[in-house]
Amino acid sequence: MSENNEETTTIGARLKAARTAKGLTIDDLQQITKIQKRYLIAIEDEQFDKLPGDFYVRAFVKQYAETVDLDGNALLEEYRDQLPSVHTETIVENVDEVQPTRVASREQPASPASRVRNYLPTIIVTAIVVLILLFIWFMAVRTHAGSSSSTSADSSSVQVSSSKKQSSSSKASSSAKSSSKASSAKEQTIKANGSSDKAYTLTNGADKNKVVIKSTKAAWTSVTTNGTQTWQGTLKADGSHTLTLPSNATTVKFQFGNATATTVTINGKAFNFNPKNSTSQVRTITLTIK
């Protein structure tokens, strides 16, 4: 009986018991936290040497605890003697071994068929412009031939008609410019949803929003778009990663393993996802795009 009591007081057994009480499997926990299954199993077995570094032991344990409704900070303090001490933060040399990303697949050179599809809109537009120019040239030649055999009165009539067309074209051009100015006057804004510091709304963004993630220290980050993971990885100190969100993106979820050392810019403008200066390192932020 004493051995069972001793086992349940370890941090791994306590986390596993909380997960089981919530009816979650290791696969469920991996899907929610985006922490690899082998790291979750290592935490429950207290084989902390299998994690990428001492810093990530504490970060992953805290995220695990908060997912199963335990107080992460209190748990770290209670079991600090069982956890590795963090004096200096470990920099992961091989990012792909810690959190594999999908960047490699996107950086493969495009096939000839893909390049043709990419240029297809340009080819179609060019063909339309050429046809319009040929039609204008044909009409100009026809008008010139007709005006040579017409009377001076007819010539005056043609000139008046041409002036009206130019005036209409000028008005249409002015209207288009005014519309363009009105559209460019709208500026991108990112505002918090009410008093929440975990949910924000992006308005007047780009068709494909460009996101740049930087860190002053080693930091793990995950980006999920419309429920599908777009990128995840661990940045070195003073490292950065740039990604472009798809045009149909409506909801973007950021998960930070070291939030206080991480900054995010969207289309060149800073995204202040921590306006209340929270000291929590592990944070999840949701951004709605309108």
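The values are calculated or read from the model by the stated rules, or taken from the named source; none is laboratory data. Quick caveat, the model's predicted, so the values are computed rather than measured. Reconstructed Cβ throughout: ideal geometry from the backbone, glycine too, with neighbour counts over all protein chains shown. Each accessible area value is taken on the protein alone, full model and side chains, heavy atoms only, with ligands, DNA and RNA left out. Shrake-Rupley method; radii C 1.70, N 1.55, O 1.52, S 1.80 Å.
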For the stretch 73-109, give me the residue count where each residue is charged (D, E, K, R), modelled with pLDDT under 80 and in a loop (DSSP other than H, G, I, E, B). 4
Condition check: of a type in the set (G, A, S), within 45 Å of the chain's Cα centre (by Cα), modelled with pLDDT under 75 and loosely packed, with under 10 Cβ neighbours inside 10 Å. Does S149 satisfy that? no
Any residue that is at pLDDT 90 or above, outside any helix (DSSP H, G or I) and under 26 Å from the mean Cα position of the chain (by Cα) - is there at least one of those in the stretch 19-34? yes
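Considering each residue of the stretch 35-56, count those that are assigned to a helix (DSSP H, G or I), touching a residue at least 24 places away in the same chain (Cβ under 8 Å) and within 26 Å of the chain's Cα centre (by Cα), and give that number.
The total comes to 3.
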Give the stretch 246-290 a look and list any residue that's open to solvent by 30 Å² or more (accessible area, probe 1.4 Å), part of a strand (DSSP E or B), farther than 19 Å from Q229 by Cα and not polar (S, T, N, Q), or say none. K269, A270
L70 vs. criteria over 27 Å from the mean Cα position of the chain (by Cα), modelled with pLDDT under 95, among the aliphatic types (A, V, I, L, M) and not in a helix (DSSP H, G or I): yes
